[in-house]
Amino acid sequence: MSSSDTEIARDTPDPNALLGPGETWTSVTENISRLPLDRPHPRFWWLGFAAAFALLMLLMLAISWLFIKGVGIWGINIPIAWGFAIVNFVWWIGIGHAGTFISAILFLLHQKWRTSINRFTEAMTLFAVACAGLFPLLHMGRPQYFYWLLPYPDTMGLWPQFRSPLVWDVFAVSTYATVSLVFWYVGLLPDLATLRDRATSVGWQRVYGIMSFGWRGDARHWRHYEKVYLVLAGLATPLVLSVHSIVGMDFAIAQVPGWHSTIFPPYFVAGAIYSGFAMVLTLVIPLRSVYSLKHYITDRHLELMAKVLMTTGWMVAYGYFSEFFTAWYSGDEFERFLSLNRVIGPYAGEFWALVCCNILTPQILWVRRCRRSPLVLFCVALIVNVGMWLERFVIVITSLHRDFLPSSWGMYHPTIWDWSTYLGTFGLFLALLFLFIRFLPAIAMAEMRNMVPRKKGDSP
Amino acid sequence: MQLSNACTHGTVQSDDANEPEVRHKPLFSGRATTIMRVAIAGLALFVCAVAYATYEYYNSPYWNAVGMAVDQPVLFSHRHHAGELQIDCRYCHTTVENAAFAGMPSTHTCMTCHSQIFTHTKMLQPVVFSAERNAPLHWNRVNNLPDHVYFNHSIHVAKGVSCTTCHGPIDQMALTAKGQPLTMRWCLDCHRNPSPELRAHNIEINHLTNCTTCHH
Amino acid sequence: MGASFALAGISGCNRQPAKEIVPFTNPPEAGLGREGLYYASAYSREGYARGILVEAHSGRPTKIEGNPNHPESLGATDAETQASVLSLYDPDRSQTPMHGPSTATWIDFENDWAPRRTALAQAHGAGFAVLTEPTTSPTLLREIDALLQRWPEARWYQHTALARYDDDGTQTDYDFENADIIVSFDADFLIAHPAALRYSRKFVQRRRRENNNAGPNRLYVAEPTLTLTGAIADARLALAPTEIADLIEQLDRAFGLGTDDAAPASAGRSAPHGSQRDAFIQALARDLKAHAPRVALVSSNTLHSESRTVLHDLHHRLGALGVAVKESPAVRSDSDARARGDLHALVDAIEAGEVSTLFILETNPVYASNRGRFAEALIRVKHAVHLGTRRDETAHRCHWHLPASHYLESWGDLRAFEGTASIVQPLVEPLYQTRNAAQILRLVTGLPAKSDYDMVRETWSRNAASSFDEDWRDWLDQGVVPNAVASRIIPQRRVASATTTAPRASTLAASETKTMFALFRLDPNIGAGEGSNNPWLQELPKPFTHLVWDNAALLSTATAQHLSLENGDVAEFVAADASLHAPIWIVAGQSDNCVILPLGYGRTAAGSVGNNHGFDAFAFAPPDGAQQLALREIRKTGKKHPLVSTHGHSEMEGRDLARVISVDTKATEPAGETEMSLYPDVHYTSYAWGMSIDLTSCTGCNACVIACQAENNIPTVGKEQVSREREMHWIRIDRYISETPNGTRVVHQPVPCMHCEHAPCELVCPVAATVHSSEGLNEMVYNRCVGTRYCSNNCPYKVRRFNFLDFREPAGSTVYLQKNPNVSIRDRGVMEKCTYCVQRINAGRIRAERENRTVRDGEILTACQQVCPTEAIVFGDLSDPQSKVSRRKREPGDYALLAELNTRPRTTYLPKQINPPSALPV
C-alpha cells in the first residue's frame, strides 16, 4: 500500500487533475479533518472571525435602531418605496443558488469536479439565505405582524392574499432554506462520524457522535444515505429554478416599467447562478491557499467554475439586451423612456458600472491563463459580485424613481443605516462561514476519498 | 454503485486510522439510539402541541373574557331591571336606535325612579352621590372593541338584530358580563350570513363584508 | 391606539384593556352619540365674514364646512378657513395674561390698569390710542365708538399688512355672471380677495360646458408674477408694475379719443415680448369693444391710484357699471372717519409724543410692518398692552400681553364683502382664560364688563323687530342676518382722504422701467404671518413652486440665468438703503424686471411651529409702506439654502396626462369600457361610487388638500421628512406648466386615489390589506397593513402615502381634540390613501337605510368636493344615470388618467377648456 502511494507521488502532476498528486484515502481524511480538529486554531482564523463578528454587531445595532424608529431611517420614500432592503435580498438569495446548483444539479449530472467544493458551497448557500431572509422581515413597516403572511386559522377569519408574489416568496424561500439545510446535513453525516472517530477529546467525540446520529458506515447506512441524497438532490434541483423565478416575479408581476417583463424569471435565475459562482470563487480561492487545500480544490476546479461564470455571464448579458429590445419593440412610451432614463438618466453611472462589471470584465476569461490564475479569477469574481449588486440596484431604483406621472418623480438617497444594514449582513455571513470552517469539514471527505485514483485489484 | 464502493473503503480506512481509541470503551450507552429517536419524535410532537394550545387559548372564553363579570361602581343588575321589571333597553340606552353609541344612562335617568325608591339603600349611594355632587359615575367597559372598529348600534337595531344576539342573555345577568367573544371572525360569521340572526330577513348583504364597513 | 392594535388577530399580548364609560350626570340638549353636529358661524377673512358650518364631535369643533346660505361662501371654503380649526387647539396659544416676561392673572391686569384709567379719564383719554385691524364687526365698531364717545381725546388707528379693497371708502364688486370679457391687472381675484369664493364660483360657471348658456367668458391677465388667477387666463402677459401702468394708459388712449389704434405708442417698448404684448393689447381692445358693457376690469391695490382711477373711468365709458361692475360704500372700516389713520399715522403721533398709552388689539405690527419702524416707535410708548391669541413679536415688546379668544370660542359678528352680516357663534367655552377685543375695549374705559354674548345681542337688539328672539335663533340657525336688518346697523361714514396702503407714486417713476423691482407679496398660504404657526398651512405646497415650510425670492428663468443662480442659491438683494439675503427659486411666467419677495416668514415669536422658517421680507420692505422697492443689484453669495419642493417635475414629457382643449374644438366622446382585460369584471348590485374632476374648473386653490387633511386626520411630517419625499397629503395638485403664444399655460390636476376597477395595488398586497369593495371602492385597511409598500410601487398614480416613521403628535397633545373620531389614526409603518371619505359614505348609507330609502344624489359629499369653490370635484353613485357624477362623466372629453394601463379608474377627468382670443394663435 505504501509502495503504491510512492508511485503516485512520483507521477508528474496532471494539470487537469481534480485531485493533487500523492493523495491517498488516509491523506485526504487527515488533511481535511485537520481543519476542524486542530487545536489551537491558527491566528488568521481568530482575526477573520473578530472582524466578521464586529460587522455582525453593526448589524445588530442597525436592526435595533430600525425597530426603535421604523423603516423611515432608511432612504426609501414615495415613489421609491423599495430600496437597499430588497436589493440586498435579491442579491443574497441569488448568491445562495450556486451552492444548490453545484451540489444538486451537478451531482445529478455526475460532474465529479463538484465533489471538493459542494460541501463548502452548500454551507455558503445556507448562510446567504439566512442573510437574504432577514431583509423581507426588516423592510416591513410593521415587522411584528410578519406572521400575517402565513396561512393559519386566526381569530380574524382572514388569510393571506395568494395572488401576491410576496406570499409565494414566503413559501419559496422557506422551502428552499429547509431543503438546503437537510441536504447539507445529510451530506455531513459520514464526515461527522469520521470526526467523531478522529476527535481526541471525549467531549468532542460525544458532540460529533450526537450530530452524526450514530453513523457507523455499514452497508445499510450507506444504502439509505444514497437514496436520501439522491432524492434530496432531486428535490433541490427544481428549487434552484423556482426560488429565483419567484423572486423575479416579485418584479415581473408589477406593472412598473422596467419590472413588468416576461424575461425576468429565467434572467433572474441565470443572474443568481452567475453571482453565486462569483461568490464561490471569492471565498474558495483564499480558503484553499490559507488552508493549503490546493490538492483538493485544484486549478482545474477554478477553471471549470470560470467557464460557468462566463456562460451565465452571457445569459445575463442577453437578459439586458432583451430588456432594451422589448422596450423598443413594444413601442410603449413608458418602457422606452425607462430604457433611455437608465442609460442617460440620473442613475446612468450605476448602469454603465454594472455593464462593465457584468459583461466586459468576465471576457478576459477567454484567456486560458486568466482562467487558471487564482488572482485574476479572484478579482473578476469580486467585480462580478459588485456588478450583480448594481444590477439589482438598477432594476429596483431606476425603475421606480421615474414612472408614469412626472409630478411624482423622485430620487433615492441611501442613508448610513441602509449601508450599515447591508455591511452588517456580511458580518452575519462571514461569522457563520468562519464557524463552519472551524467546526465542520469544509470538504466532503467521504466523497473526496472516491476521487483518489484506484489501483488494480483494489476494487471488489 | 461507485459512491458505495468508495465509502465502504472509506470507513474501513478511517477505522484503521483510529485503531487505538475507538475499539475500547464505547462512546454512548446502548440506549443512546432509542433516546435519540424518542427525543426527535418528542420534539415534533411538542411543536404541534404548542401550536394547538395557542390556537385554543386565543379562541377561549378566557382570552375573550366572555362571561366574566366586570367590577362596577354600582351593583347594577340587568336581571332585575331588564328581566324582572321588564324595563325596555331603550329606556336607559337612549341613542341605540339613532346613533353609533347605544348611550349610557345619565345619573339623571337613574334618579327618575330612584329619587323615589330605594333612595337610602347603601347600594345606591354612588348614584345619589353623583346626582348631588353632579359628579359623573365611572362605569367600567364590558364590551370593548378596538379603536379601529367602527360599530354602529343604530343600523344593527334597524336591521333587526336583537340586543341579545351580541350581548347574550342580558336579562338574566345579575352582574353584567360580555356575552359573546366579539372577535372579528365572530362578527364576520354573521356579516357573511346574517339572516339566522335577523328579525327582518331581506337585506342587502354584499357590502357587509367590505373591510370599510367596520374599518375606516 | 396602542390598545386598539392589541386585539388585532392573535397578536394581542394583553386581554381586554380596561376602559371606562363616563356618562353625563345630566344629558346635554344637543344629545349624545358619535354623530357630528353642525353649527353655523362665520370666519373672519381679513375682517370680512365668510359663512361657515362647524362640525362638532362631543363638544369639540373638528371640521369646518362652507355655509350654503352665505353669499360669500355658497357652501365652499378655502385652505385658510379650513386650517383655522387647528389654530384653536394650537399648543402655543397664550393661556394667561403676561406682565412682561412673567405670567399674571386678569385681576392683576385690572388692578394695574385701574389707576391709569382714572388718570386718562381725567384727560378725556388724551394720550390714549388703540390700534386694531380694519374690521366689519358692528359690535366691535360699536364698542370703539363707545370708547371714543367717552374719551373724546382718545385715538383709534387701524393697521393691516394685508390688502385693502376700497378706494377712499368705495369698494368695487364684480358680477362675473354678466362679464364676457374679464381683465385682471395684477389682481388675484380668484384667491386673494374676500369675495374670492363667490368670484371663483361665478367665474368658472361661465367656463364650464354644463349648464352654461351664456357661453364661455374670456380672461386677460397682466401681472408681474404667476398667480392662480393668471394661471387660468386665456391670454396672459408677464409685466412689471410700470409696464402694467403703461398698458392701462394705452387702453385709456384706445378708448379715450375713440381712436381704434391700441397698439402704436409702445410697440416693441419692452423688446422681449413686445410683439406678444401688442397682439395682447389689440385682442383685448377688440374684445372690450365687442363685448361692452359686459366686461370687467379688475384691479388691485398693488396698482397705484392713478391707474385705478383710469380703470374706474374705463368702466364708466364701457358702461360696465351696473352690469358686471358694482360700486358701493366700503364694508370694512379702512376709511372710517373716526379712525385717525394707519400705522404710519400712529408712528408719527408716537414720535410727536402724542401717544403715551397704546392698546394693540389682535394685530402684530411689530412683525407685520415695513422695516420695523413701528418697533422703534413702540419703545417710546409709556404703557403698551397687546391682545392676541399668541405671544407674538408685538406681545414681547409690550408691557402687558392679554390672551385673546379664538373665534370658535367667543361671540361676535361680521359682515361679508357684499354686505351680508353674520353672527359669529362659538362652539366651545374658551379653552383658556381668554377674552375678545370688544370686552377689552369696555375694560379700558371701565364700562361695566359684559359677556361677549350679551354685547352681540345688544348690538342686534337695538332697533330690532319685536320678534328679536325668534329672529336671533333664526340667524344663528341660518348663519346669516337678512340684509334688510344688517343695513340698519352702524352706517359707514365716508371721508375723502384716508391714508392708504397703496404704493406711493414716487417709487414708480416711468424712468425706472428697466431697473429691477422687488415686489412684496403676501405668502399664498400663511399671508402676512397669520398662518405661521399652523402646520397644515406650512406644509401645504405653494402654488407653482410647491415649496413648503419656507419662502423664497422668486426669479424669472431669464433673470436667474443672467445671474447664474439656481434654485436654493442664496442671493443678496441690494436696495438704496438696505439689503437682504434670501434663497431664490425660479418660476415660469414672471416678468424679468422683478423679484417676488413673499412676506410672512422669518418669524421669531410665532410659536414652536412657525419660528425660524424662511426670511423676513418686511425687514427689507420700504418704510413708507410701499409694496415695491427698486433694487440696485442682486449678488450671488455662493451659499445654499435647502428649499423643499414636493413637486418632482413640471413638464408632461409628451405624455397625455392633463388635457387642454380649446372651446371651439370638438371634444372627443368619452371612450366606452371596450378594452379587453384578463381580470373578470365585477358586477355591482348596489351603489357604484365614482368621481369626476373638471380641469376647467380647478383653480388650483389647494382648499381640497387641507379639507382632506382635516377630515382624515392626516399628519404633517415637517420639512426634513418632506425633503425625503414623505409628505402625507391624500390629494395633491399636480401642475404642468408650458409656454404658449398666449403666455405661460398652467394646468392644475388634482390627483386623489383613482379607485381603479382593476387596481394594481390590490393584487400585490400579501395580506389583503387593500381590497375591492362591493361598491367599487379600493379599500385600504390600516390595521391589516404590514407595510411591504408593494402597493405603492405598483400604483401608477403614486397616490399612496406611507407612515415611514411615527408621524402622530405626541400623546396628550391638544391637537388630538381636532381629530375626526370616525377616522383611525394611523400607526407607524402602515400605508394610507384617499378613501373617497368612506366614513362619510358609511354614515350616509346608514342614515338612508335607517330611513328605508336609498342614498340621495348629493347627500354624501367627499371633503374635497364639499370644500371646492368651483365645484370642480363631483362625487356620487355611477349606477344612478341621473346622478350629477354620471352626467359629468357623459360629457364629451371625459377621460381617465393613464387609461392605456387599463386600470379603469373610478376617478376621471374633464379636459381643461381654454378660450384664447382669436387674434392670437392657440
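The values are calculated or read from the model by the stated rules, or taken from the named source; none is laboratory data. All figures in this text were calculated on a predicted structure; none of them were measured in a lab. Methodologically, a virtual Cβ is constructed for each residue, glycine included, from the backbone with ideal geometry; neighbour enumeration extends over all protein chains shown.
For the reader, a short list of remarks on this structure follows.
- Options C:ASN778, C:ASN783, C:ASN842, C:ASN822: the member that is of a type outside the set (Phe, Trp, Tyr), surrounded by 20 or more Cβ atoms within 10 Å (Cβ to Cβ) and within 10 Å of chain A (Cβ to nearest Cβ): C:ASN783
- Residues of the range A:188-230 satisfying the condition of being in contact with a helix residue (DSSP H, G or I) (Cβ under 8 Å, 6 or more places away or on another chain), surrounded by fewer than 16 Cβ atoms within 10 Å (Cβ to Cβ) and more than 10 Å from chain B (Cβ to nearest Cβ): A:VAL228
- Among all positions in the range B:21-35, there is at least one residue which is surrounded by 11 or more Cβ atoms within 10 Å (Cβ to Cβ), at pLDDT below 90 and outside any helix (DSSP H, G or I).
- The residue that is farthest from the other protein chains (Cβ to nearest Cβ), counting only those in the range A:173-187 that are under 16 Å from A:TRP215 (Cβ atoms) and crowded, with 21+ Cβ neighbours inside 10 Å, is A:TRP184.
- Taken as a whole, the structure leaves A:THR155 outside the set of residues that are more than 19 Å from C:PRO766 (Cα to Cα) and at pLDDT below 95.
- For the criterion of being touching a His at 6+ places or on another chain (Cβ under 9 Å) and assigned to a strand (DSSP E or B), C:GLU572 passes.
- Residue check, C:ARG155 basic (Lys, Arg), farther than 30 Å from C:ILE714 by Cβ and surrounded by fewer than 17 Cβ atoms within 10 Å (Cβ to Cβ): no
- Yes/no for A:GLY96 being in a helix (DSSP H, G or I), more than 22 Å from A:ALA132 (Cβ to Cβ) and of a type outside the set (Val, Ile, Thr): no
- A single entry from A:LEU158, A:LEU150 fulfils the requirement of being within 11 Å of chain B (Cβ to nearest Cβ) and closer than 30 Å to A:TRP259 by Cβ: A:LEU158.
- Checking A:LEU106 against (1) closer than 30 Å to A:GLY234 by Cα; (2) at pLDDT below 90; (3) in contact with a Ser or Thr (Cβ under 8 Å, 6 or more places away or on another chain), the condition it does not meet: (3)
- Pairs are defined by a Cβ separation below 7 Å, a sequence spacing of at least 6 or placement on different chains, a first member in the range C:370-387 that is on the phi < 0 side of the Ramachandran plot, and a second member that is basic (Lys, Arg); the pairs so defined are C:ALA375/C:ARG397; C:LEU378/C:ARG397; C:HIS383/C:ARG116.
- Of B:VAL66, B:VAL74, B:VAL70, all but one fail to be within 21 Å of B:LYS178 (Cβ to Cβ), surrounded by 14 or more Cβ atoms within 10 Å (Cβ to Cβ), touching a helix residue (DSSP H, G or I) at 6+ places or on another chain (Cβ under 7 Å) and more than 7 Å from chain C (Cβ to nearest Cβ); the exception is B:VAL74.
- For the residues A:GLY271, A:GLY313, the requirement of being touching a residue at least 12 places away in the same chain (Cβ under 8 Å), out of contact with any Ser or Thr (no Cβ under 8 Å at 6 or more places or on another chain) and of a type outside the set (A, V, I, L, M) singles out A:GLY313.
- Within the range C:717-744, being outside any loop (DSSP other than H, G, I, E, B), in contact (Cβ under 8 Å) with a residue 12 or more places away in the chain and out of contact with any strand residue (DSSP E or B) (no Cβ under 7 Å at 6 or more places or on another chain) holds for C:GLY718, C:GLN721, C:GLU739, C:THR740.
- Any hit, the range A:117-136, residues being within 14 Å of chain C (Cβ to nearest Cβ) and touching a residue at least 24 places away in the same chain (Cβ under 8 Å): yes
- When C:GLY893 is tested against (1) touching a strand residue (DSSP E or B) at 6+ places or on another chain (Cβ under 7 Å); (2) modelled with pLDDT of 90 or more, only condition (2) is not met.
- Filtering the range B:176-188 to residues that are assigned to a strand (DSSP E or B) and among the hydrophobic types (A, V, I, L, M, F, W, C) leaves only B:ALA177.
- Note on the range B:145-167: residues that are surrounded by 18 or more Cβ atoms within 10 Å (Cβ to Cβ) and under 23 Å from B:ASP71 (Cβ atoms) total 4.
- Selection status of B:HIS191, closer than 23 Å to B:VAL96 by Cα, more than 9 Å from chain C (Cβ to nearest Cβ) and either within 17 Å of the chain's Cα centre (by Cα) or not in a loop (DSSP other than H, G, I, E, B) (or both): yes
- Residues considered: A:ARG372, A:ARG336, A:ARG392. Of these, the only one that is basic (Lys, Arg) and at pLDDT below 90 is A:ARG372.
- Criterion violated by A:HIS110 - all others in (1) in a helix (DSSP H, G or I); (2) over 18 Å from the mean Cα position of the chain (by Cα); (3) more than 14 Å from chain C (Cβ to nearest Cβ) satisfied: (1)
- Entry remark, the range A:340-362: residues being under 30 Å from the mean Cα position of the chain (by Cα) and touching a residue at least 40 places away in the same chain (Cβ under 8 Å) number 8 in total.
- Matching residues, the range C:804-819, being free of Cβ contacts under 8 Å to residues at least 60 places away in the same chain and either touching a helix residue (DSSP H, G or I) at 6+ places or on another chain (Cβ under 7 Å) or within 9 Å of chain A (Cβ to nearest Cβ) (or both): C:ASP806
- Test: residue in the range C:756-766 that is in contact (Cβ under 8 Å) with a residue 40 or more places away in the chain, under 21 Å from C:LEU897 (Cβ atoms) and more than 14 Å from chain A (Cβ to nearest Cβ): yes
- Test for C:SER650: is it within 14 Å of another protein chain (Cβ to nearest Cβ) and among the hydroxyl-bearing types (Ser, Thr, Tyr): yes
- Of the set (1) within 9 Å of chain A (Cβ to nearest Cβ); (2) closer than 28 Å to A:PHE251 by Cβ, all apply to C:GLN749 but (2).
- Condition broken by A:PHE67, with the remaining ones in (1) out of contact with any Phe, Trp or Tyr (no Cβ under 9 Å at 6 or more places or on another chain); (2) more than 30 Å from A:THR398 (Cβ to Cβ); (3) not acidic (Asp, Glu) satisfied: (2)
- The residues of the range C:576-593 that are surrounded by fewer than 18 Cβ atoms within 10 Å (Cβ to Cβ) and part of a strand (DSSP E or B), listed by number, are C:SER579, C:HIS581.
- Only residues that are more than 16 Å from B:VAL149 (Cα to Cα), over 25 Å from the mean Cα position of the chain (by Cα) and outside any loop (DSSP other than H, G, I, E, B) were counted in the range C:801-840, giving 3.
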